[in-house]
1. Every residue in region 51-80 that is closer than 27 Å to Glu145 by Cα, touching a strand residue (DSSP E or B) at 6+ places or on another chain (Cβ under 8 Å) and outside any loop (DSSP other than H, G, I, E, B), please.
2. What's the number of the only condition in (1) under 26 Å from His181 (Cα atoms); (2) surrounded by 14 or more Cβ atoms within 10 Å (Cβ to Cβ) that Gly17 fails to meet?
3. Counting only residues that are of a type in the set (Lys, Arg) and over 15 Å from the mean Cα position of the chain (by Cα), which one in region 234-251 is most open to solvent (accessible area, probe 1.4 Å)?
4. Could you list all residues from region 5-35 that are over 18 Å from the mean Cα position of the chain (by Cα), over 16 Å from Pro85 (Cβ atoms) and aromatic (Phe, Trp, Tyr)?
5. Working only within region 203-218, note down all residues that are free of Cβ contacts under 8 Å to residues at least 60 places away in the same chain, surrounded by fewer than 23 Cβ atoms within 10 Å (Cβ to Cβ) and under 17 Å from Pro112 (Cβ atoms).
6. Of all the residues that make up region 26-40, how many are open to solvent by 20 Å² or more (accessible area, probe 1.4 Å) and outside any strand (DSSP E or B)?
7. Out of curiosity, is Thr220 among the hydroxyl-bearing types (Ser, Thr, Tyr) and at pLDDT 95 or above?
8. Could you please give the count of residues in region 42-70 that are within 17 Å of the chain's Cα centre (by Cα) and not aliphatic (A, V, I, L, M)?
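The values are calculated or read from the model by the stated rules, or taken from the named source; none is laboratory data. What you are looking at is a predicted structure, and each value in this text was computed from that prediction instead of being measured. Using ideal geometry, Cβ is built from the backbone for each residue, glycine included, and neighbour counts are taken over all protein chains shown. Accessible surface areas use protein heavy atoms only, side chains included; no ligands, DNA or RNA. Shrake-Rupley method; radii C 1.70, N 1.55, O 1.52, S 1.80 Å.
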Amino acid sequence: MQHEAQVNLPTIRRFEGAGFRAWPAANVHYDGTWAVRLTAGYPAKRLNSINPLDPGDARNIDLRIDRARPHFEAIGRTVTFRLSPLAAPSIGLFLDKEGWAHLSESIVMRLPLSDSVVDDAMHQIPLKDLGRFVSAAFSVHGYDEALRSGFKDLVGSIKPEAGHFILEQDGQPVATAICVHDGAIAGLFEVATAKGMRGKGFGRRALLSALKWARLRGATVAWLQVEADNAAALGLYRSVGFREIYRYHYRQPGESR
């Protein structure tokens, strides 16, 4: 598989750290340099996974998985690895041998953020009403209502400054975005357009408004994560100027286990 990115570990560490701060797990503990992130209130794999952060740390893989497993089971989760280029290659080889399944792959993308990128964007003041944003996000994404409380807690726990954006038409939300401003870096999350309203430019407008807000606060780099098979989103992001910097994927025990 040909990727656009070349592995640059300092760059990857920078964006992995930004991602952890922007989308915080409720509980984090470390086993060596493996960050074990767990969130009982929300099931996203990003928030419930083992994240190896040093290519040189691959000792006692089986024993460390056994140590982690009860923490996942205690909150009703399956033990899951999130493998970025910071993970030792031998971890993936071990999981292959043990029959662990490959799950979704995501692409991390970056955009140098200049005034020219956002000059024509609509200036929009972020929402202060978290409940209103959550309702809009659930409407646009079609999320399960059972996840509402956990999602609201997650978004409310973001430590860097976060802007919540909604684009409406005829009084109904049609697009959403969260922009997390973390120093020079602006991370985009929950970028989505309502089903039936896609392909009309709403997502692009919401995204650029969020980036304009971050640029006015001094951000010089924007970044995001997108599933590798989301062709429509990838097309949008590439048209704005985002380019791939690295990929990660998830692993879970196969049915044989």
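1. Once the filter is applied, which keeps residues that are closer than 27 Å to Glu145 by Cα, touching a strand residue (DSSP E or B) at 6+ places or on another chain (Cβ under 8 Å) and outside any loop (DSSP other than H, G, I, E, B), region 51-80 yields His71, Phe72.
2. Looking at each condition in turn, Gly17 falls short on (2).
3. Ranking the candidates gives Arg243 first.
4. Matches in region 5-35: Tyr30 only.
5. The answer is Leu216, Arg217, Gly218.
6. Qualifying residue count for the region: 4.
7. Details: among the hydroxyl-bearing types (Ser, Thr, Tyr): yes; at pLDDT 95 or above: yes.
When the stated conditions are applied, Thr220 passes them.
8. 8
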